[in-house]
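J.: Before I ask anything, let me first share the structure, which is written out below as structure tokens.
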Amino acid sequence: MSDLYVSQKLTIPANELNTTASRSSGPGGQNVNKVNSKITLRWSPHESAVIDPAWRDRFVERFANRINREGELVLHSDRFRDQAQNLSDVRYRLTEMLLEVRRPPKRRKKTRPTKGSLRRRREAKTQLSQKKQRRRERFDA
């Protein structure tokens, strides 16, 4: 297996990725029972020496539910009947996951509502209050 090219700044060496093949479930007839086409990819982001620590922290935070107790990210693919296609699919999914958290999220700029929006809000509340007051029953005894 070759290195996983993610971006110009990150290429995961092949020795950090552990892949295993197993029998797939689902349709496929007799082919399913004799061909190991399902691919399981394991990668430990905590032990990776090539990924930037900030990038790693964002990755671990975003995909914490996909990382097991041993600290490994486990991805499976059995979409295709071909082992090579499943391998490329699982590698592509890992690449997409890494690229998703490549940059830190933008910080929110604090903004204030405009005077006009505050005025319109107050007027709307007043109108609603007046409408409800007009609906009240009046008992003139």
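J.: Please indicate, with yes or no, whether at least one residue in region 59-77 is in contact with a strand residue (DSSP E or B) (Cβ under 6 Å, 6 or more places away or on another chain), at pLDDT below 90 and surrounded by 12 or more Cβ atoms within 10 Å (Cβ to Cβ).
T.: Checked against the condition, which is being in contact with a strand residue (DSSP E or B) (Cβ under 6 Å, 6 or more places away or on another chain), at pLDDT below 90 and surrounded by 12 or more Cβ atoms within 10 Å (Cβ to Cβ), region 59-77 yields no hits at all.
J.: Separate question: Considering only region 23-58, state which residues are basic (Lys, Arg), modelled with pLDDT of 90 or more and in contact with a strand residue (DSSP E or B) (Cβ under 8 Å, 6 or more places away or on another chain).
T.: Pass one, region 23-58, residues basic (Lys, Arg): 23, 34, 38, 42, 56, 58.
Imposing the further condition that a residue be modelled with pLDDT of 90 or more reduces the set to 42, 56, 58.
Within region 23-58, Arg42 is the sole residue that qualifies.
J.: Follow-up. Check off (1) in contact (Cβ under 8 Å) with a residue 60 or more places away in the chain; (2) out of contact with any strand residue (DSSP E or B) (no Cβ under 8 Å at 6 or more places or on another chain); (3) not β-branched (Val, Ile, Thr) for Met1 and give me the number that stays unchecked.
T.: (2)
J.: Does region 40-71 hold any residues that are closer than 17 Å to Asp3 by Cβ and part of a strand (DSSP E or B), and which are they?
T.: Scanning region 40-71 gives Leu41, Arg42, Trp43.
J.: I need the full set of residues from region 72-120 which are outside any loop (DSSP other than H, G, I, E, B), free of Cβ contacts under 8 Å to residues at least 12 places away in the same chain and within 21 Å of Tyr5 (Cβ to Cβ), in order please. Walk me through how you get there before you give the answer.
T.: Of region 72-120, the ones outside any loop (DSSP other than H, G, I, E, B) are 73-77, 83-100, 115-120.
Then drop every residue that is not free of Cβ contacts under 8 Å to residues at least 12 places away in the same chain, which leaves 84-85, 88, 92, 96, 115-120.
The answer is Ala84, Gln85, Ser88, Tyr92, Glu96.
The values are calculated or read from the model by the stated rules, or taken from the named source; none is laboratory data. This one's a predicted model, so the numbers in the text were calculated from it and none came from an experiment. A quick note on method: Cβ atoms are made from the backbone with ideal geometry, for glycine too, and the neighbour counts reach across all protein chains shown.
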